[in-house]
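Okay, structure first, notes after.
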Amino acid sequence: MRVDKYLWCLRYYKTRSIATKACKKGAVSVNGNVVKPSREVYPGDSIGIRKEQINYTMEVLDLPESRLGAKLVDMYRKDTTAKEAFAGKELLKYAQGFYRKKGVGRPTKKDRRDLEDFTESETD
């Protein structure tokens, strides 16, 4: 089965075209090698995915016939993603909400000037 179709079947991507684009961008690797979307996967292969700043890793147990329900996904893959990867996403969520609360609106002119001052001082 093609790697893009496999990731779509296991619900890592909402559509197969999104899975294909991720493969083309280099976000998917099989056994440590970046692959094209047409790469075949077999039971025993190790797949790595970079999605939403998390490095997911999994081992292929079996190949599904078609797209699966969310409850059946674990029959076809063994998730080996480190727990620390998910902790990093939690920290990122807090970092984004520290300066500006969600839904407050666009940055003000003062915010823009402060940001410009900060970026100019880094380049010096």
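The values are calculated or read from the model by the stated rules, or taken from the named source; none is laboratory data. As the structure is a prediction and not an experimental result, all values here were calculated from the model. Ideal geometry is used to build each Cβ from the backbone, glycine not excepted, and the neighbour counts take in all protein chains shown.
When Gly32, Gly44, Gly48 are checked against the criterion of being in contact with a strand residue (DSSP E or B) (Cβ under 8 Å, 6 or more places away or on another chain) and either touching a residue at least 24 places away in the same chain (Cβ under 8 Å) or surrounded by 14 or more Cβ atoms within 10 Å (Cβ to Cβ) (or both), a single residue qualifies: Gly48.
Looking only at residues in the range 51-65 that are of a type outside the set (Asp, Glu) and more than 10 Å from the chain's Cα centre (by Cα), the one that is nearest to Met1 (Cα to Cα) is Leu63. Across the range 102-124, the number of residues qualifying as part of a loop (DSSP other than H, G, I, E, B), out of contact with any Leu (no Cβ under 8 Å at 6 or more places or on another chain) and either acidic (Asp, Glu) or modelled with pLDDT of 65 or more (or both) comes to 5.
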